[in-house]
Amino acid sequence: MAKDINDEMKQTADYAIKLAKGRFGVDLDYSETSLYGLEKLIEDASQQHTMDLSDEKSLNNSIMRTAGIWGSYLGEVMQRKWGGEWKIDENSDRTCLIHGVKVNPIFYIQQRCTGQNTTKVNQYLVEVAVSLFS
């Protein structure tokens, strides 16, 4: 039987918490305060990926893993704050459906890691809130 996407993403977010503490010394606890730690992790990942001189396929895989881990955590924070659930969309992307609005925290993290988006996590949450409640 297929694993539920919501369970899978929650497990990935729990892994993100363990990874953040064990490997980077950053405390994540699903609170809004912990988003400052998440911001640091994203900035560090972005710097690491821009300095990475490995082959493109390896770099892309690394960015996708990073985005999946930190994006699952961010998605869980948003869902705890506003409700919602994980869905797999038509492109096979894992997205959050919150009050009928599709939000893609994994893609956001991917863009941050590649320098395509410089919006800080707290500002991203403000933008998401505006799209949800306006």
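The values are calculated or read from the model by the stated rules, or taken from the named source; none is laboratory data. In this text, all values refer to a predicted model and were calculated from it rather than measured experimentally. Cβ coordinates were reconstructed from backbone atoms using ideal geometry, including for glycine residues, and neighbour counts include every protein chain displayed.
In the stretch 4-29, the residues that are within 17 Å of ILE42 (Cα to Cα) reach residues that are β-branched (Val, Ile, Thr) with C-beta atoms within less than 6 angstrom, at least six apart or across chains, in these pairs: ALA16/ILE69; ALA20/VAL26; LEU28/ILE17.
Of everything in the stretch 73-95 that is at pLDDT 95 or above and among the small types (Gly, Ala, Ser), the residue that is nearest to SER31 (Cα to Cα) is GLY75. Any residue in the stretch 55-70 that is surrounded by fewer than 14 Cβ atoms within 10 Å (Cβ to Cβ), part of a loop (DSSP other than H, G, I, E, B), modelled with pLDDT under 95 and small (Gly, Ala, Ser)? No. In the set (1) more than 22 Å from THR119 (Cα to Cα); (2) surrounded by fewer than 13 Cβ atoms within 10 Å (Cβ to Cβ), the condition left unmet by GLU85 is number (2).
Scanning the stretch 25-41 for residues that are surrounded by 14 or more Cβ atoms within 10 Å (Cβ to Cβ) and either at positive phi or modelled with pLDDT under 95 (or both) turns up just one, TYR30.
Across the stretch 88-127, the number of residues qualifying as in contact with a strand residue (DSSP E or B) (Cβ under 6 Å, 6 or more places away or on another chain), farther than 16 Å from THR66 by Cα and assigned to a loop (DSSP other than H, G, I, E, B) comes to 1. Out of ILE42, ILE98, ILE63, ILE106, one residue alone is in contact (Cβ under 8 Å) with a residue 60 or more places away in the chain and β-branched (Val, Ile, Thr). It is ILE42.
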